[in-house]
Amino acid sequence: MKHLLWWLFVVSRGSGTRVEIVRALKERPYNANQLAELLNLGYRTIRHHLKVLEDNGIIETEGSRYGIMYFLSSEMEQNYALFEDISKKREKNK
C-alpha cells in the first residue's frame, strides 16, 4: 500500500489534487460536482482524479448517475495515517 500511496500522492502528475480530494472525503462524502465546487476545479478534472482513485481502491461509490457519492474505501481509512505521513513529505519537498 505504501508504494501505491507514494505514487498516487507524490510522484504522479495531479498528485496534489488527489491529496485534496482524499482529505475532503475524509471529512464527509461528496459527489463530483460538490468536489469541483469545493476545490474550485473543473468537473472533468475532478472526474478524472476520482476515476484514478477508484481504479486504485482508494475510494468507493454509492448511488447511481449524477447521485453517485464518493467515500474513502475501508482500506484507505485503515491506512489514512500513512497517507497523511506521505502527503506531508510531499508538501515539504515542493
>> Any residue at all in region 18-32 that's in contact with a His (Cβ under 9 Å, 6 or more places away or on another chain), surrounded by 18 or more Cβ atoms within 10 Å (Cβ to Cβ), closer than 20 Å to LYS92 by Cβ and not acidic (Asp, Glu)?
In response: yes
> When region 31-75 is examined, which residues are found to be part of a strand (DSSP E or B) and over 16 Å from SER15 (Cα atoms)?
Replying inline: GLU60, THR61, GLU62, MET69, TYR70, PHE71, LEU72
> Across region 68-82, what is the total count of residues that are within 14 Å of ARG23 (Cβ to Cβ) and either among the acidic types (Asp, Glu) or in contact with a His (Cβ under 8 Å, 6 or more places away or on another chain) (or both)?
Replying inline: 1
>> Every residue in region 1-30 that is assigned to a loop (DSSP other than H, G, I, E, B) and in contact with a strand residue (DSSP E or B) (Cβ under 8 Å, 6 or more places away or on another chain), please.
In response: PRO29
> Restricting to region 46-68, what's the tally of residues that are more than 12 Å from the chain's Cα centre (by Cα) and either loosely packed, with under 12 Cβ neighbours inside 10 Å or within 28 Å of LYS2 (Cβ to Cβ) (or both)?
Replying inline: 7
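All of the numbers you see were taken from the coordinates with simple rules; none came from a lab. Since we're looking at a predicted model, the values are computed, not measured. Here the Cβ is made from the backbone with ideal geometry for all residues, glycine too, and neighbour counts use every protein chain on show.
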